[in-house]
Structure formats: structure tokens, C-alpha cells
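These notes are about the structure you will find just below.
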Amino acid sequence: MLPGIRARCALFTRVFIGQGPRFMTTGDTAGNAAEIQLPVWKERKNETSEVKRARLLYESRKRGMLENCILLSLFAKKYLNTMTEEQMSQYDRLINAPSNDWDIYYWVTGAQEPPEEYNNEMMNLLKEFAKNRDMEQRLRQPDLEYLFKEAQ
């Protein structure tokens, strides 16, 4: 029994004390924290527009933080069906290439300037949308019923 406990303690020490896998951080730690190795984002070249729109809708709704879930899902509801292929590619890169949802949130809300690679038409549209000039209540994601109204 004792050797099993020692083995688990050794594993715990390697993983959480920095000798094992690294966990994702925002870069504001003292360097002791570990980071998860995230896969590099790659644009999907052979996707139809319909499939891309459906995927972007899903990815706009299922984020790592609630603030982006609400903001991006409402943005997708308003603009996704009218986006061109180029706009969808820019939006895809914007919401999927950065590894930290907080970066996206800070860029869109104007708390930080976005890097040049993301400072494009869709970023400007998203920034304007985030200002909420119409003072809409944005407390939750939209229901998906709007997707099926046109089909009926």
C-alpha cells in the first residue's frame, strides 16, 4: 500500500510542481505555473459555407468564459448569416486562433489594443457591437429558435 501512495505523491509533485505537463497561463505568473500545449489553429480550407456558419455559431456560443459566450453568440445571431467568405474567415481566425478568451474580451471591449493580425473588418464590427449603442439587455445567449424560423 505504501509504495502506491509514494508513486501517487511523486506523480502529483512532478505534475503540479512544474516537472510534468504545463498548464495554460495568461503570462502574468511568476514562471512556476505550467502550461498546456494547445494545438496551433489551422484554417479549414474545404468547408462549405453552410458548415462553416454552423461551426462558427457553435464556437461563438461555447466559449471559455460567459462574457464571451453572451457577446459572441449575440454577435453571431446578428451578423453570421450575412457574412461573406472573407468575413467568416476573419471571424474564424479571431475567435479561434488566440489561446486565451480574456485576450479576445479585452480587445473587443477596448481594454487592450488587438494585435495587428486581428485588427481587421470583423474586429472593428465586433468592437462596435460590444459598445451596445442601442442599450439592449445582454444577459444571456439568444435561444436557437431564430435559426428555424426561416425554414418554416
With only alpha-carbon pairs counted, each pair once and no self-pairs, how large is the Kirkwood hydrodynamic radius of region 37-152 in angstroms? 14.8 Å
Calculated Rg and Dmax of region 84-146 using C-alpha coordinates, Å: 12.7, 36
Quick one: Karplus J couplings for region 85-101, per residue in order, coefficients 6.51, -1.76, 1.60, θ = phi - 60°, nearest Hz, x for Gly and Pro? 4, 5, 5, 5, 5, 4, 5, 4, 4, 4, 8, 10, 6, x, 8, 10, 4
Whose amide H sits under 5 Å from the amide H of GLU35, counting only residues 5 or more places off or on another chain, with H placed in the peptide plane? ARG22, PHE23
Sorting check: for 98-106, 129-137, 79-87, 46-54, which peptide has the highest mean count of neighbouring beta carbons within 10 Å, and how do the rest follow? 98-106, 79-87, 46-54, 129-137
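Any read-out appearing in this document is the output of simple, stated calculations on the displayed coordinates, not a laboratory observation. Just so it is clear, the model here is predicted, and its values are computed rather than measured. So basically every Cβ, Gly included, is an ideal-geometry build from the backbone, and we count neighbours across all protein chains shown.
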